[in-house]
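> Here it is, the structure in full.
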Protein chains: 2
Amino acid sequence: MSALKNDRFLRALLRQPVDRTPVWMMRQAGRYLPEYKATRAQAGDFMSLCKNHELACEVTLQPLERFPLDAAILFSDILTIPDAMGLGLYFETGEGPRFHKVVRTEKDVADLPIANTEADLGYVLKAVSTIRHELNGRVPLIGFSGSPWTLATYMVEGESSKDFRHVKAMMYDTPEIMHELLNKLALSVIDYLNGQIKAGAQAVQIFDTWGGSLSDVAYREFSLKYMQQIVDGLIREFDGQKIPVILFTKGGGQWLEAMADIGADALGIDWTTDMGNARSRVGDRVALQGNMDPSVLYASPKTIRAEVKRILDSYGSGSGQVFNLGHGIHQFVDPENARAFVEAVVELSADYHL
Amino acid sequence: MSALKNDRFLRALLRQPVDRTPVWMMRQAGRYLPEYKATRAQAGDFMSLCKNHELACEVTLQPLERFPLDAAILFSDILTIPDAMGLGLYFETGEGPRFHKVVRTEKDVADLPIANTEADLGYVLKAVSTIRHELNGRVPLIGFSGSPWTLATYMVEGESSKDFRHVKAMMYDTPEIMHELLNKLALSVIDYLNGQIKAGAQAVQIFDTWGGSLSDVAYREFSLKYMQQIVDGLIREFDGQKIPVILFTKGGGQWLEAMADIGADALGIDWTTDMGNARSRVGDRVALQGNMDPSVLYASPKTIRAEVKRILDSYGSGSGQVFNLGHGIHQFVDPENARAFVEAVVELSADYHL
């Protein structure tokens, strides 16, 4: 593989000195880009795009052609794992994800296999190795997975949910069944992320999109615990390079201290948490990634720049920060505003690393 | 007016001793009750139910007939104020609220009147006085309003929103226009809540449903500041009785210290915050209301009881707690599970007040 020409993202995750703050955007390959929509139309539906390694590579690289980003992230979906477990993922036009089968009973959980990455998720590994090759050392490649709790919400509900009716009834009434499901998911995620690392991912992020729907007690028992199991099972060094792990619980601002204790290298934080306050709470245990409100990108470039400055000031000087949005970029954002965001970080952040 | 026969809700809000922890449920008059659906069908659409003081009174009292609740809450909608400001509130079947007019420009905001409670919200005051009369001192009546920020999100977007595209662009790019809108809303809310208090409301709650969508800095500037203005402008004693004020920001667990400082008597907290932790953070400045995950009501009565016990343990002994859900009760909950919740608080909480 080619030597990495830009390693400031990996260095910041490991809290090593950098020349400026690295920046990338969650969902940076996505519907706000006309070129993404063109490739997506060519692929047909969303899963066909994920399963075609050449097109998945193409959309992964698109935002790098436009903006001076410091990392690429595998183009895929968090629900590939439940799909590989046999639930039959599909997307209705204009709707969220759905499954043909749902997991509701003790037998449903008992019958569920642990996902076999080699056999059933080879298309993801192929996308990873293709992207890594095509990146040619330009920036590092991030692999990712959903968290066990987040995956379980979709598997039990069968679709996106507002009140998590079925999954929470299972969790509250039959915690032992929920733990069995979450353990199977954690083992699946470990195999999946280690597969991505061996295929070329240079850092991995665990997306705990729905951990913030849990009570304080339930978060620790049903989400954080299984992310710890994953972190414990991951390959942390590959091919002579450390593989940093980022943990992102949306709405998890109240639990940063606990999250900082499970052995990840960095925490993603959303915009409801003040960056400087987060830094003082986690100390030197982890790096921090985030956290601009994605809706700031609906404002003017001047406002975007001021908000970037405010967050840089809030974190303060020194390494350990990766600039990002606090959640995925929205589909109606003008790409020129995304540019203003990335360029503001590039232009303003060197002063914090003197 | 009749003497109040059950004042433990008001006493707990003022952190005075009580015999057991008082309990009510946000949205306790609602679609999970078949008798509510029957009255609603009789009224026609949702706003017709709100505007008919006799039917609004009927649905307000329905949950009290079923469960040993310690408070009644006015049946109404938070969007009555924007409607009174001329925006034309309506509800499409199966959809959220909509407005015929939206507020997007400097002129839109400048042209907006402050809501005149007497002239345009008389139907709410009439519902309050009718309910208070019909309650006949059984339990106290809670009046309520949306927070300025929460009302502004609907007025600028014109409907419910996921990304708050327009209202956040206004807030970030033209904060002075947003401040003008929020000030008009705060003045409207003060007049509205004072009208409710004079009509018979014995406590008031400010629902900041969307404050949790803001960054830490923006929350303080665009939501909390205007709730402070409201708290400063409210009648705090009426007819010889203190009128407690409850502040509820959904997703506001990170800001409890700041919320406790604006002069409200109590804070509502959602289930993501641990009750005992919240108590230690706010000290004796405010009482706390909450905070069971509403989705626990999808579990069994036995589980519901255990969760009530856990939260009572977490708060610990002494007054200053009002038991509630962390958000409104979901429409698909079995009323018998709501009963299990209320009865568990009634039966288990006396031990914490010896």
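> May I ask you to verify whether A:ARG11 is farther than 19 Å from A:PHE207 by Cβ, part of a helix (DSSP H, G or I) and not acidic (Asp, Glu)? Working first, answer last.
Working: farther than 19 Å from A:PHE207 by Cβ: yes; part of a helix (DSSP H, G or I): yes; not acidic (Asp, Glu): yes.
Answer is yes for this residue.
> Which of (1) touching a residue at least 12 places away in the same chain (Cβ under 8 Å); (2) of a type in the set (Val, Ile, Thr); (3) within 26 Å of A:ALA266 (Cα to Cα); (4) within 14 Å of chain B (Cβ to nearest Cβ) does A:VAL217 not meet, given it meets every other one?
The number of the failed condition is (1).
> Can you find, within the stretch B:220-246, the residue that is farthest from B:LYS184 (Cα to Cα) among those that are more than 14 Å from chain A (Cβ to nearest Cβ) and of a type in the set (Lys, Arg)?
So the first thing to find is which residues in the stretch B:220-246 are more than 14 Å from chain A (Cβ to nearest Cβ), and the list is B:225-246.
Filter again for of a type in the set (Lys, Arg), leaving B:225, B:236, B:242.
Values: B:LYS225: 13, B:ARG236: 21, B:LYS242: 26 Å.
Here the answer is B:LYS242.
> Considering each of A:GLY137, A:GLY96 in turn, give the residue that is within 14 Å of chain B (Cβ to nearest Cβ), surrounded by fewer than 17 Cβ atoms within 10 Å (Cβ to Cβ) and under 22 Å from the mean Cα position of the chain (by Cα).
Details: A:GLY137 fails: within 14 Å of chain B (Cβ to nearest Cβ).
Sole residue among the options that is within 14 Å of chain B (Cβ to nearest Cβ), surrounded by fewer than 17 Cβ atoms within 10 Å (Cβ to Cβ) and under 22 Å from the mean Cα position of the chain (by Cα): A:GLY96.
> Would you call B:GLY328 under 19 Å from the mean Cα position of the chain (by Cα) and either within 13 Å of chain A (Cβ to nearest Cβ) or surrounded by fewer than 24 Cβ atoms within 10 Å (Cβ to Cβ) (or both)? Don't jump to the end; show me each part of the working.
Details: under 19 Å from the mean Cα position of the chain (by Cα): yes; either within 13 Å of chain A (Cβ to nearest Cβ) or surrounded by fewer than 24 Cβ atoms within 10 Å (Cβ to Cβ) (or both): yes.
Yes; evaluated as a whole, the condition is true for this residue.
> Considering only residues that are among the charged types (D, E, K, R) and surrounded by 20 or more Cβ atoms within 10 Å (Cβ to Cβ), look in the stretch A:247-273 and name the one that is farthest from the other protein chains (Cβ to nearest Cβ).
Taking the stretch A:247-273 first, the residues among the charged types (D, E, K, R) are A:250, A:257, A:261, A:265, A:270.
Checking the rest, the ones that are also surrounded by 20 or more Cβ atoms within 10 Å (Cβ to Cβ) come to A:250, A:265, A:270.
Values: A:LYS250: 11, A:ASP265: 23, A:ASP270: 9 Å.
Residue satisfying both the conditions and the ranking: A:ASP265.
> Here's something else I'd like to know. Restricted to the stretch B:293-325, and to residues that are under 21 Å from the mean Cα position of the chain (by Cα) and within 8 Å of another protein chain (Cβ to nearest Cβ), which residue is surrounded by the fewest Cβ atoms within 10 Å (Cβ to Cβ)?
Of everything passing the filter in the stretch B:293-325, B:PRO294 is surrounded by the fewest Cβ atoms within 10 Å (Cβ to Cβ).
> Right, something else. For the stretch B:274-292: of the residues being of a type outside the set (A, V, I, L, M) and within 9 Å of another protein chain (Cβ to nearest Cβ), which is surrounded by the fewest Cβ atoms within 10 Å (Cβ to Cβ)?
Narrowing the stretch B:274-292 to residues of a type outside the set (A, V, I, L, M): B:274, B:276-277, B:279-281, B:283-285, B:289-291.
Next, from what is left, pick out any that are within 9 Å of another protein chain (Cβ to nearest Cβ): B:274, B:277, B:291.
Working: B:ASP274: 23, B:ASN277: 15, B:ASN291: 27.
Only one residue fits best here, namely B:ASN277.
> Take B:ILE230 and tell me if it is surrounded by fewer than 24 Cβ atoms within 10 Å (Cβ to Cβ), part of a helix (DSSP H, G or I) and of a type in the set (A, V, I, L, M). Please lay out each step first, then the result.
Numbers: surrounded by fewer than 24 Cβ atoms within 10 Å (Cβ to Cβ): no; part of a helix (DSSP H, G or I): yes; of a type in the set (A, V, I, L, M): yes.
Criteria not met by B:ILE230.
> I've got another one for you. Hey, can you tell me all the residues within the stretch B:331-353 that are charged (D, E, K, R) and either touching a residue at least 60 places away in the same chain (Cβ under 8 Å) or within 12 Å of another protein chain (Cβ to nearest Cβ) (or both)?
Taking the stretch B:331-353 first, the residues charged (D, E, K, R) are B:334, B:336, B:339, B:343, B:347, B:351.
Hits for the stretch B:331-353 are B:ASP334, B:ARG339, B:GLU343.
> Test B:ARG8 against the stated conditions and say whether it is surrounded by fewer than 19 Cβ atoms within 10 Å (Cβ to Cβ) and either among the charged types (D, E, K, R) or within 21 Å of the chain's Cα centre (by Cα) (or both).
On the way: surrounded by fewer than 19 Cβ atoms within 10 Å (Cβ to Cβ): no; either among the charged types (D, E, K, R) or within 21 Å of the chain's Cα centre (by Cα) (or both): yes.
For B:ARG8, the condition - surrounded by fewer than 19 Cβ atoms within 10 Å (Cβ to Cβ) and either among the charged types (D, E, K, R) or within 21 Å of the chain's Cα centre (by Cα) (or both) - is not met.
> What residue, among those in the stretch B:146-191 that are more than 14 Å from chain A (Cβ to nearest Cβ) and part of a loop (DSSP other than H, G, I, E, B), is nearest to B:GLY122 (Cα to Cα)?
Restricting to residues being more than 14 Å from chain A (Cβ to nearest Cβ) and part of a loop (DSSP other than H, G, I, E, B), the top hit is B:SER147.
Laboratory data are not the source of any read-out in this text; all were calculated from the coordinates shown. Because the structure is predicted, anything quoted here is derived from the model rather than measured. Heads up, the Cβs are rebuilt from the backbone with ideal geometry, glycines too, and the neighbour counts pull from every protein chain shown.
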